[in-house]
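Structure record follows, encoded as structure tokens.
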Ligand SMILES: Cc1cc2nc3c(=O)[nH]c(=O)nc-3n(C[C@H](O)[C@H](O)[C@H](O)COP(=O)(O)OP(=O)(O)OC[C@H]3O[C@@H](n4cnc5c(N)ncnc54)[C@H](O)[C@@H]3O)c2cc1C
């Protein structure tokens, strides 16, 4: 992580809201559900599916958890009403994971059942390492209830992940595999870039070996190439690639043209500002990446 990255991340809170909006605009559909609908429709028209994320992960009360669940209900209704090819991605802290596990479990179960009735799926995002055990326990509970339209996320940078895959093996879980965005202590997470890449490939192989339907969530060209070599013999419904809205869109389009399924993660919501700041500060490297890209675009225009 360079000094530039750290400087950009720490300067963000004093950067005017309008500038943060401009920096984050390509990565967020907008503040409203209509913004998300339009974005998903455009992606669908380009042959890409979507997974919709309602921004709002920092909550402290039962009412706030119900409000987030209700917004996801609206998203599901919009997906069905507009016949969009999209799922939802849910952060369990937004449904009360940190203060009421029972409430969180029942809210996510309601969403999974509602999604199932309309043929949609729910992906449970993975948050920081303190959330992993409870998130996996809730996922197991849902599967034990016979709910199969739910998937989980595993993070290749965590040292525990290969064991988690082994423990989940009998469920043949639907897994989104990512590197992991949260900065974790060295005791539990790999920090070296190449070691994380190697762990990603090992986790991918382990998931494919247990018959898991893997969503390969990375923009890292090295990992895309390694992954393509490992999924080429699979049927198109056996895997998919996933990317974040606004990131490497051209590469996503190439994958679609080559016949690979691609899903785009579409965050929206009134908390776009808080989300942008938190994400950029959580991962200063990304603040640097985005700032460089923004400077690059500005230079390109001038
Ligand atoms: C669909 C999807 C869902 C995800 N869900 C989770 C989750 O539930 N939990 C979790 O911890 N993490 C999640 N992540 C984030 C993931 O863990 C990584 O932090 C992130 O994808 C960056 O890693 P990378 O594999 O793309 O490789 P990197 O080496 O970090 O990135 C490769 C290149 O992609 C570009 N890039 C990557 N990310 C961005 C960005 N945000 N903005 C601009 N350019 C970018 C840059 O050019 C960069 O050099 C998700 C990622 C994706 C794609």
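Here, each number is a calculation from the coordinates, and none is a lab measurement. Note that the structure is predicted; figures quoted are calculated from it, not measured. FYI the Cβ positions are ideal-geometry reconstructions off the backbone, even for glycines, and counts take in every protein chain you see.
Couple of notes before you dig in:
- Within the listed set 89, 202, 212, the Gaussian network model of the chain (springs between alpha-carbon atoms below 10 Å) gives the highest mean-square fluctuation for 202.
- Gain on full stretching of the segment that runs from residue 17 to residue 113 - 0.36 nm per residue minus C-alpha separation: 30.8 nm
- Prolate/oblate/rounded label for region 131-249 (Cα gyration tensor, a/c 1.5): oblate
- Computed label-point distance, nm, for sites residue 10 and residue 137 using a 7 Å Cα→Cβ extension: 3.8
- Share of pairwise Cα separations in region 13-75, more than 13 Å, in percent: 70
- One chain, two ends: residue 273 and residue 62. Fully extended at 0.36 nm per residue, the span grows by 73.7 nm beyond their Cα-Cα distance.
- Helical mean residue ellipticity (222 nm; -39500 (n - 2.57) per DSSP H run of 4+; nearest 500) of the chain: -16000 deg cm²/dmol
- Distance between the pseudo-spin-label points of residue 236 and residue 195 (7 Å out from Cα toward the beta carbon): 4.0 nm.
- Our estimate of slack between residue 166 and residue 253, defined as 0.36 nm per intervening residue step minus the Cα-Cα distance, is 28.0 nm.
- Rule-of-thumb Rg ratio for region 29-268 [Cα; 2.2 N^0.38 Å; N residues]: 0.96
- All C-alpha pair distances within region 17-156, sorted into 10 Å bins from zero, spread as 12, 41, 36, 12, 1 percent across the bins.
- Region 169-239: projected area of the alpha-carbon convex hull, averaged over directions, in nm²: 5.2
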